[in-house]
Amino acid sequence: MAWYDGAVFYQIHPLSLCGCEQESAETEGSHFAELAEWAVHAKKMGCNAIYIGPVFKADTHGNGIIDYHKVDSRLGTNQEFKIWVAKCHSIGLRVVADAVFNHVGRGFFAFQNLKRNKKASPYKEWFCNLNFSSDSDYGDGFSYESWGGYKRLVKLNIQNPWLVDYHFDTVRFWINEFDIDGIRIDAVDEWDYDFIKDLRKAVTQVKPDFWLLGELTDGAYPIWVNDKMLHCAANNELQRQLILAHNQGCYPLISNSIHNMSIQCPFVKLYTFVANHDVSYLSEKLNNLRHKQLITILQYTLYGIPALYCGCEFTADKHTAVPEAENAPPARQPLKLADHQNAYRQDEITRLHGLLGRANQKFPELLFGHYQELAVSEQQFVFARILRKKAVVVALNCGGSPVQLEIHLPWDVTEAIDVLDAEIDWEEEPRAGLDLSGCSKFTVKDQVLPIALEANSGKLIRLTG
């Protein structure tokens, strides 16, 4: 089993988390000691992997990389990042870094050479749609294609063999220098198929279990995620349906999304998220904030790789904002872990994330179990994750009234306990730190499981046969 098959991720956007200067690429900081505290916190939340990014030297908000071989000076130095990765590994956390390969910042060395030498630059083929008969908004003496309309992001020509080799050498450098365990590749569906295929071969030769995660917007998962291309992609479709289904009181939306994805990508575990650096928090999108708990349960229990975005585990979960325009830096508020030390004991959202993260590591059926729907209606959703003689049943009610359900099980059950009653020992290893001895039990008779659900509530029931 590869490490990523059992991963529970904690995502960090370090520039915003640490309150770094957003415009100056020359600002120096030292935040990896602070990020080490967040790594320990991620472990407490039941996570065993961290996705961090952007982390390499860039201008503006981090996507305009100007040096692929240096850590962003606003965060610290290469040596500090290397020590931080080693610290993560020492406490059982894998590290995946952000990789932006299809565009760079204007300070990138090859673009600076182009500005100086114009048509004589050896790097002119690295960039898309150069036109020396026109001018850019910056008076470069030529125009170029930008990424997403952001003029400070210069689009790269990924068809150029020299540039491809440069990118592959970059990833080898990251592996050898920092010992990272994977990369998340930005805007994959704008790329060339052969690039991803060759990249997978290249990284596998250096580190056989190196993981490739992609950001897809075209929905063509089977093309990009397979045994020759990406290992995984972010499940953007499910993320949208999780929110829409609860705002509309329509669980079939989620059921249909799961069904469609299982047809497209059978047996592929996609990256299951509800918030990240590009999308708003649940509290900004949900009509009923009590549904935040229900979506959180789904995030950790549906077939996929759960991913918790830093800050979402706190009731007061706002610390970043999505940029609204190119020249308007996002209004980011740093998040201080010290301000949330009481959350482990007092914040129900924190407790729920920690319990579910730990449950993923304690119960193999949540990682590898077969997904089976048991009941789906407009406002109730019941499914199981089944592995041999054990299962975890998830039952949700997004309606405003309590309901009593009778779920017919396809096998005999000797014990059924409510995992959400478990006690958490935050100082213990995740698997050991989940005490089930005080959990409520259900009476199963003639293979019928009775479940009482309060309004806007859910249950997580462990069954043993």
Assigned charges on the beta-carbon of Lys, Arg, Asp, Glu; region 110-243 dipole about Cα centre (debye): 420 debye
Region 138-171 versus region 251-302: alpha-carbon centroid distance in Å: 34 Å
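For region 1-151, how many pairs of lysine residues have a Cα-Cα distance under 16 Å, where the two are 8 or more positions apart or belong to different chains? Don't skip to the end; give the middle numbers.
Working: 43/87; 44/87; 57/70; 57/82; 70/82; 115/124; 115/151.
Pairs that pass both the separation and distance tests number 7.
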For residue 186, net neighbour charge (Lys/Arg +1, Asp/Glu -1) across residues whose Cβ lies under 11 Å away: -4
Structure-based [θ]222 nm, the chain - -39500 (n - 2.57) summed over DSSP H runs of at least 4, per residue, nearest 500: -8500 deg cm²/dmol
Cβ-placed point charges (K, R +1; D, E -1), dipole of region 31-142 about Cα centre in debye, nearest 20: 280 debye
Helix 78-90 vs. the chain, principal-axis angle (Cα, 0 to 90°, nearest 10): 20 degrees
Ordering of 346-357, 9-20 by burial proxy (mean other Cβ atoms within 10 Å per residue, highest first): 9-20, 346-357
Value of Rg/Rh across the chain [Cα atoms, Kirkwood radius]: 1.00
Unit charges at the beta carbon, dipole of the chain: most positive-side option, 180, 144, 236: 180
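Report, to the nearest whole %, how much of the accessible area of the chain belongs to carbon and sulfur atoms, 1.4 Å probe, protein only.
On the way: 8970 of 18750 Å².
Here it works out to 48 percent.
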Rounded accessible area per residue of the chain, 1.4 Å, Å²: 40 Å²
C-alpha long axis of helix 32-44 to longest principal axis of the chain, angle in °: 20 degrees
Rounded to whole Hz, the Karplus (6.51, -1.76, 1.60) HN-Hα couplings of region 187-201, x for glycine and proline: 6, 4, 6, 9, 9, 9, 4, 5, 4, 5, 4, 6, 4, 4, 4
Dipole in debye (nearest 20) - the chain, about Cα centre, beta carbon charges: Lys, Arg +1; Asp, Glu -1: 460 debye
Those chymotrypsin sites (Phe, Trp or Tyr not before Pro) in region 334-425 that DSSP places in a loop and that have at most 13 other beta carbons within 10 Å: 411
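Above 21 Å lies some portion of the pair distances; for region 1-73, what is it as a whole percent of all C-alpha pairs? Walk me through the numbers before you get to the answer.
On the way: 869 of 2628 pairs.
Value for region 1-73: 33 percent of Cα pairs lie more than 21 Å apart.
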For residue 127, residues with placed amide H under 5 Å, excluding near neighbours: 157
Neighbour-limited loop hits for chymotrypsin sites (Phe, Trp or Tyr not before Pro), region 210-278 (at most 10 other Cβ within 10 Å; DSSP other than H, G, I, E, B): 267
DSSP-assigned coil residues among GluC sites (Glu not before Pro) in region 1-110, each with at most 14 further Cβ atoms within 10 Å: 21, 23, 26, 28
Mean-position separation - Cα centroids, region 431-465 and region 205-234, in angstrom: 36 Å
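What per residue convex hull volume, in Å³, comes out for region 374-421 when only alpha-carbon positions are used? Don't jump to the answer; show the numbers that get you there.
Details: hull volume 4.6 nm³, N = 48.
Dividing the Cα hull volume of region 374-421 by its residues yields 96 Å³.
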Sequence-distant aspartates and glutamates (8 or more away, or on other chains) whose Cα lies within less than 14 Å of residue 285: 317
Principal-axis tilt of helix 348-362 within the chain, Cα atoms, nearest 10 degrees: 90 degrees
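The values are calculated or read from the model by the stated rules, or taken from the named source; none is laboratory data. As the structure is a computational prediction, the values presented were derived from the model and not from experiment. Here the Cβ is made from the backbone with ideal geometry for all residues, glycine too, and neighbour counts use every protein chain on show. We work out accessible area using only protein heavy atoms, side chains counted, and drop any ligands, DNA or RNA first. Shrake-Rupley method; radii C 1.70, N 1.55, O 1.52, S 1.80 Å.
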